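To keep things clear, I will list the structure first and then write my remarks on it.
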Amino acid sequence: MKRSLLGFLLVLLLALPASAQDHLATALTGLGDGFGQTAEAVERLGALGDPRAIPLLRALQDGTLRRTPAGTVLLPDDTDAMTGAKADAAGAEGVRINNRVRQVLRGALGRLQLVSPDAVERLAAAEAVFRTPGLENVPLLQAALARETVPRIRAQLELALAASQLRADDPAGKRDAIARLGTAATTEARALLIEARIVNPELATAINVSIAAIEQRLQLRRIAETLFQGLSLGSVLLLAALGLAVTFGVMGVINMAHGEFVMLGAYATFMVQELCRGIPWLAPWALPLAVPAAFLLTAAAGALLERGLIRHLYGRPLETLLMTFGVGMILQQAVRLAFGAQNREVISPAWMQGTLLLPGGIAVTQNRLWIIVFGIAVLLVVVAAIRFTRFGLEMRAVVQNRRIAATMGIRTGRVDAMTFAFGSGLAGLAGVALSQIDNVSPNLGTGYIIDSFMVVVFGGVGSLAGTLVGALTLGVVNKMLEPYAGAVLAKVFVLVAIMLFIQRRPRGLFALKGRAAES
Amino acid sequence: MSASLAAPAPGGFGRITLRLVLIGAVLLLALLPVLNRLPMDSALHVSDFIVSITGKWITYAVLALAIDLAWGYAGILSLGHGAFFALGGYAIGMHLMRLIGPRGVYGHPTLPDFMVFLGYQELPWYWLGFDHFPFAVFMAMAVPGSLALVVGFLAFRSRITGVYLSIITQALTYALMLAFFRNDMGFGGNNGFTDFKELLGMPLNTSSARSTLFYASLILLLGALWLCTIVTRSKLGRVLVAIRDAESRVRFLGYNVTNHKLFVFVLSAMIAGLAGALYVPQVGIINPGEFSPGNSIEAVIWVAVGGRGSLVGALLGAFSVNALKTWLTTVAPDLWLFALGGLFVAVTLFLPRGLIGLFSKAPK
């Protein structure tokens, strides 16, 4: 508390321009008078913690810093390093440095970067100071901490401060540092504390408390990250299974070519990307453009399949299964011949790349986050389409009672085709999402088809809510088991668990009741 | 709809013709290894390749019989029969691995090469006993049989039928494939078992071993055919057909549907396991790829092409589709998958009773 108050006062001092300028002027004296004095001046500048000293020291390092006979220090663009105003450069000479000065310069710049206006530079500097803890860093870090606003850099600064304080002789400062480290949630902080425990056996209890706190936070973060990965996998499964929920769940048509429709969607994404490549302003929009393209392509393929083949096999689910499996084989081989068996690369747009750091240090990859968002969006669209559109109404009518629906003037054949096309289009959307995280290859779909069927069976055939819950459950359970059992065994366990689960509820989590349940 | 598929035995004349054709075909098959012994320049000489590939097809035909018994007669479309086949193969593969003994690359007296490579100190407990041939053969039936018993019990008890059962069995073989790909399962990981040396004292890569295995397969085929015929002609078989066509009705009539289905499913799995056990020594390798769902479904299409609900049809399908596969994959490899996919479509749409349906009168 006391310390942070001191820091606050320090900031107040630094924030006053006039006095700061005085500080800078005082620090500058002697710069260029000789190597020894220059080095001392650099040292003073480094300790000052004033961002204005950064360009000055950089220029000095590059050998572009000059000094007028009047003693004004000039930056390369002929401005006064102190005031920033244009100055008369007549007769200015370069300030020369030697190796000793260079060495001092490096240290001073490193510490000064803590207050650099560039956030990336500040973070790097904070990390560097953390790695080289020392008592001399304490006031500097306190100053930097007081003006820092970016949470991530603040955390790193706190850590560096605590690391440096742990070196101090002051027991109160040490205790303070130990407590502060306890609020961090990094493995580095834990390592630091473990190291400190060996040196300071008298503080072991306090250190142990802090370590326990850190471990608890790390544990929480691990759980949060596992949860996120599970949700991410779940949303992928959801996307792949939504189409099945429509074709299998609503129509009762088992489409083994569904995985190949997913694959077609991914290839559609690839083709849209290739088409957009030539047009620079369009290239960043390739992925959003691929969404309707993939939907339309696979929906058309689905409509064709339904009208051409599946229609003739209604009421014979086993034959439909075999037939669509054959169609899947043909599609896979056709794509293999057309595009080659090797993987095709689909590039994620810039706004989907990289990692997002959530509060608490939870790392989240952007593209997975977007897929979760996309999955939810698609689910909402499907729900809305079934609930609120004319097409959805007709679809539900045909499912409920085909003959009465036909008497009411609904063209049941057309509704069948459209429903199937809709489900297939959803597979295409899954393909767009998968192209971002998986290899786009002819057998992309095979890896997902069995899992998707499991989702539908687990969640309850014909229930969108069941599909959602099923997909998320499977995703999370899979990811939770992975650290203990490995990816493959986790999958095996989940499959076995589902088989046992449907013992209890043969019709899935959200079973349809009443007449519709009788197939 | 499925009632029209209840192909009853073809009428008098057709049945006799069928039987004659069958006997002729079996005799022809039995002749192959003999013709193989003829001198190379003889016009009737049959190459080693033909003998070994036909031997392989015979085991496929047994697998087709097993699938037909479950699917054609009891309506259980298992998409995981390849798993039973592969398990039988693994059982005999373990025996063959044990027989290699110290002749492996690492020369370890008891451990197979892959175990030495993976740092095993001793044989895992589940490998014990596999140095005895009868035990291995027993396990080739017992393991698939018990798996079928457990899965079938769970599935049939909760009345999982139709496509649900198909999906579950497919997931089963998929899960097994993933499991067997793991190195620490103790089954050789993705390389599986290979480099077999001998079986029952005879070196495997000789023509006498080839013809012995060939005849063993043929005997298995005839035995399986005989057994399936008995089962399907018995009262039990009639009940199975009834279950296939109207499960609920049979249940209401007081039959125990679960036990009937369970019986035929386990029997079918054991036959498939034996087929796998004869398949592996003939091809000389077994790996987790045999568990892939594609294999199982390919075997189902043999039955569909030949004509489900007809034992002879299953055999016909297995031979004809595999002959087509062998021919096409050498002539135009790219076309094979198109042809296979096309078969799936064509058979289900235009030939619901399979090839055999072309030869016998359609039921009323």
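The values are calculated or read from the model by the stated rules, or taken from the named source; none is laboratory data. These numbers come from a predicted model, not from an experiment. Every residue, glycine as well, gets a Cβ built from its backbone with ideal geometry; the counts of neighbours run over all protein chains shown. Surface accessibility is based on the protein's heavy atoms, side chains included, excluding ligands, DNA and RNA. Shrake-Rupley method; radii C 1.70, N 1.55, O 1.52, S 1.80 Å.
So here's what we get for this one:
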| quantity | calculated |
| --- | --- |
| Extension gain from residue B:34 to residue B:235, taking 0.36 nm per residue of separation minus the Cα-Cα distance | 68.3 nm |
| C-alpha long axis of helix A:171-183 to longest principal axis of chain A, angle in ° | 20 |
| Selected from A:288, A:400, A:308, residue furthest toward positive end of dipole (chain A; charges at beta carbon) | A:400 |
| Inter-label distance, nm, simple model (7 Å from Cα along the C-beta direction), residue A:216/residue B:249 | 6.8 |
| Accessible surface buried upon A-B contact (total; probe 1.4 Å; Å², nearest 100) | 3800 |
| Taking only Cα atoms of segment A:2-216, radius of gyration then Dmax in Å | 19.6, 66 |
| Modelled FRET efficiency - R0 35 Å, residue B:285 with residue B:132, Cβ distances, 0.05 increments | 0.95 |
| Residue mean of other protein chain beta carbons inside 10 Å, A:310-317 | 3 |
| Between segment B:168-223 and segment B:285-359, the alpha-carbon center distance in angstrom | 21 |
| Within the accessible area of segment A:413-468 (1.4 Å probe), percent carbon and sulfur | 55 |
| All-pairs alpha carbon distance profile, the protein assembly as shown, 10 Å steps from 0, percent | 2, 10, 16, 17, 15, 12, 9, 8, 6, 4, 1, 0, 0 |
| Residues in segment A:486-502 occluded by at least 50 Å² - accessible area, probe radius 1.4 Å, against chain by itself | A:488, A:495, A:499 |
| Descending semi-axes in Å of segment A:263-313, equivalent ellipsoid built from Cα gyration tensor | 29, 8, 7 |
| Sparse-neighbourhood loop sites, trypsin sites (Lys or Arg not before Pro) in segment B:152-192 - DSSP loop, at most 16 other Cβ within 10 angstrom | B:159, B:182 |
| Sequence-distant residues sharing a close amide H with residue B:199 (under 5 Å, placed H) | B:204 |
| Calculated FRET value between residue A:83 and residue A:484, using beta carbons and R₀ = 60 Å, to 0.05 | 0.40 |
| Most mobile of B:65, B:328, B:220 in a GNM of chain B (Cα contacts under 10 Å) | B:328 |
| Cα-based helix-to-principal-axis angle, A:204-244 vs chain A, degrees rounded to 10 | 30 |
| Sites residue B:110 and residue B:208 - FRET efficiency at Förster radius 30 Å, r taken between beta-carbons, to 0.05 | 0.60 |
| 1.4 Å probe accessible area per residue over segment A:406-450, in Å² | 31 |
| Additional length obtainable on full extension of the chain from residue B:150 to residue B:23, 0.36 nm per residue less Cα span | 42.0 nm |
| Calculated SAXS-style log₁₀ I(q)/I(0) at q = 0.20, 0.21, 0.26 Å⁻¹ - segment B:34-91, Debye, Cα scatterers | -0.77, -0.80, -1.01 |
| Column: log10 I(q)/I(0), Debye, Cα scatterers of segment B:10-161, q = 0.11, 0.14, 0.16, 0.19 Å⁻¹ | -0.73, -0.99, -1.09, -1.16 |
| Cα long-axis angle, helix A:412-437 against chain A (0 to 90 degrees, to the nearest 10) | 30 |
| Chain B, accessible surface, carbon-and-sulfur percent (1.4 angstrom probe) | 68 |
| Per-residue SASA entry for residue A:198, accessible area with 1.4 Å probe, Å² rounded to 10 | 130 |
| Debye intensity ratio I(q)/I(0), log10, segment A:219-517, q values 0.08, 0.10, 0.12, 0.16 Å⁻¹ (C-alpha model) | -0.35, -0.55, -0.79, -1.35 |
| Whole-angstrom Cα spans of segment B:2-359 along principal axes, big to small | 61, 56, 38 |
| Local electrostatic count, residue A:135, Cβ distance below 11 Å [Lys/Arg +1, Asp/Glu -1] | -2 |
| Calculated from backbone phi, Karplus (6.51, -1.76, 1.60) coupling profile of segment A:316-330 in Hz, x at Gly/Pro | 10, x, 5, 5, 4, 4, 5, 4, 5, 4, x, 4, x, 4, 5 |
| Where N is the number of residues in segment A:109-175, Cα Rg divided by 2.2 N^0.38 Å | 1.02 |
| Bins of 10 Å from zero: percent of alpha-carbon pairs in chain A | 4, 15, 18, 15, 13, 13, 11, 7, 3, 1, 0 |
| All-pairs Cα distance distribution in segment A:385-438, expressed in whole percent, bin size 5 Å | 5, 20, 23, 19, 12, 8, 7, 4, 2, 0 |
| Spacing of the two label points (7 Å from each Cα toward its C-beta) at residue A:352 and residue A:205, in nm | 5.6 |
| Solvent-accessible area lost in complex, 30 Å² minimum, residues of segment A:440-456 relative to chain alone, 1.4 Å | A:450, A:454 |
| Amide hydrogen neighbours beyond the local backbone of residue A:365, cut-off 5 Å, H modeled | A:356 |
| For chain B, accessible area per residue (1.4 Å probe, heavy atoms of protein chains only), Å² | 43 |
